[in-house]
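Below is one structure, written out as structure tokens; the observations come after it.
The values are calculated or read from the model by the stated rules, or taken from the named source; none is laboratory data. None of the values given here were measured: they were computed from a predicted structure. Just so you know, the surface numbers come from the protein's heavy atoms only, side chains and all, with ligands and any DNA or RNA stripped out. Shrake-Rupley method; radii C 1.70, N 1.55, O 1.52, S 1.80 Å.
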Amino acid sequence: MMRENLDNVRKNIRKACEASNRSTMDVNLIAVSKTKPVEAIREIYDGGVRDFGENKVQEILKKIDRLPKDIRWHMIGHLQRNKVKDIINRVCMIHSVDSVALAQEISKEGIRAGACMDILLEVNISGEESKYGFTPQEIAAVTEQIASLPGVSVKGLMTVAPYTENPEENRVFFRKLKQLSVDINEKNIDNVSMEVLSMGMTGDYEVAISEGATHVRVGTGIFGERDYSK
Ligand SMILES: *Cc1c(COP(=O)(O)O)cnc(C)c1O
């Protein structure tokens, strides 16, 4: 069942790449395993996936110790500053940097651990009040500010688009995020690359790919519905 889902998602990614003349090598699938047990993750791992996304520090730490060491863990959820030290060096990238203070904390803990953490800056591209992230207006200035921190390396931008039944409605947001990354890239800021564009979830990853996503974060489409009652 889950392996079939995975095959389907991969097929859809391939089709979306072909339709927009992109190489499938340029689109990375992150299987979002939050709330799912290690057995389910293992099944998807056995299908060849090595990138997994989680949104809670405690949950990542619990799972890391029970799963193969070559998994690349992606922190994709809102991160509290006091939890940063627990995951530094344990995740390959933090997608959800949504304040300068958080970036400063990651830098500080990164230096302490002798690491330089790869981070993405989260942009609230739709302006929804419930969403985390920098505004499109401030993101360029914020990127320059964060670029000067020695313990982090800015790799690109991330966004969570609104929930919608019609993925086409999110195209405008994906296009805007891509344009922001192009604009920032043109500034040639030291210590900043815009190689990663993390956007697109189960409901809209094909549209995100056609607008330039390099990392899609798919949970439900692979693992099935989440049960938050447990
Ligand atoms: C849960 C989550 C996802 C995956 O959502 P699905 O709709 O299940 O694919 C992607 N990104 C973030 C930031 C999430 O919290």
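Structure above, values below:
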read-out	value
Cα-Cα pairs of region 93-137 separated by more than 11 Å (percent)	66
Exposure of H78 as accessible area (Å², to 10), given a probe of 1.4 Å and all protein chains	80
Stokes-Einstein D for the chain, Kirkwood Rh over Cα pairs, 37 °C, 0.692 mPa s (µm²/s)	184
Whole-Hz couplings from phi, Karplus 6.51/-1.76/1.60, listed for region 22-31; x for Gly and Pro	10, 7, 5, 5, 8, 10, 9, 8, 9, 7
Equivalent ellipsoid, region 105-230 (semi-axes from 5 times Cα gyration tensor eigenvalues, Å)	27, 19, 13
Region 18-143 - Rg and Dmax from Cα coordinates, angstrom	15.8, 45
Interchain or long-range residues, amide H under 5 Å from V152's placed H	M117
Sequence of C17, C92 from largest to smallest accessible area, 1.4 Å probe	C92, C17
For M93, residues with placed amide H under 5 Å, excluding near neighbours	M75
Whole-angstrom gap from region 1-65 to region 92-169, using each part's C-alpha centre	21
